[in-house]
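Please read the structure below before turning to the comments.
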Amino acid sequence: MRRNFALTVYCGMRNLRGMNGLRHQRTSRGLLLKDAAESLGTDPGNLSRIESGKQAPSLRLARKIATFYGITLEQVFDGQSEKAA
């Protein structure tokens, strides 16, 4: 049981780091949450949950995010997006 908990915590932290990278991608471009969400075809609340790591994007939205920020799809989920800026 403890092993599964540690794995969950590790994956959760890795995911949060990735989503914070998405927030960095947005703010480093001077974009407001509502403007980025509109460009991506989603609502600001949804994008906020994705950036904060509370929700994972759908594959369709992840592809839009990757194209919008000029990063790879893997970087959207992997936490490496801040290195691409």
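The values are calculated or read from the model by the stated rules, or taken from the named source; none is laboratory data. Note that this is a predicted model, so its numbers are computed, not measured. Quick reminder, even Gly has a Cβ in these numbers, built from the backbone with ideal geometry, and neighbours come from all protein chains shown.
Considering only residues that are in contact (Cβ under 8 Å) with a residue 12 or more places away in the chain and among the hydroxyl-bearing types (Ser, Thr, Tyr), which ones fall in segment 27-69?
Scanning segment 27-69 gives Ser28, Ser39, Thr42, Ser48, Ser52, Tyr69.
Go through Ile50, Ile65 for me and flag whichever is assigned to a helix (DSSP H, G or I), at pLDDT 95 or above and touching a Pro at 6+ places or on another chain (Cβ under 8 Å). I'd like the intermediate steps shown before the answer.
On the way: Ile50 fails: at pLDDT 95 or above.
After applying the criteria, what remains is Ile65.
Identify all residues within segment 68-85 that are hydrophobic (A, V, I, L, M, F, W, C) and at pLDDT 85 or above; write none if there are none. Quick ask: steps written out before the conclusion?
Let us first name the residues in segment 68-85 that are hydrophobic (A, V, I, L, M, F, W, C), namely 68, 71, 73, 76-77, 84-85.
Those that are hydrophobic (A, V, I, L, M, F, W, C) and at pLDDT 85 or above: Phe68, Ile71, Leu73, Val76.
Return the residue satisfying two criteria in turn: it lies in segment 53-62 and is part of a loop (DSSP other than H, G, I, E, B) and on the phi < 0 side of the Ramachandran plot, and of such residues it is surrounded by the most Cβ atoms within 10 Å (Cβ to Cβ).
Applying the first criterion (part of a loop (DSSP other than H, G, I, E, B)) to segment 53-62 yields 53-58.
Keeping just the survivors that are on the phi < 0 side of the Ramachandran plot gives 54-58.
Numbers: Lys54: 11, Gln55: 14, Ala56: 15, Pro57: 22, Ser58: 12.
Among those that are part of a loop (DSSP other than H, G, I, E, B) and on the phi < 0 side of the Ramachandran plot, it is Pro57.
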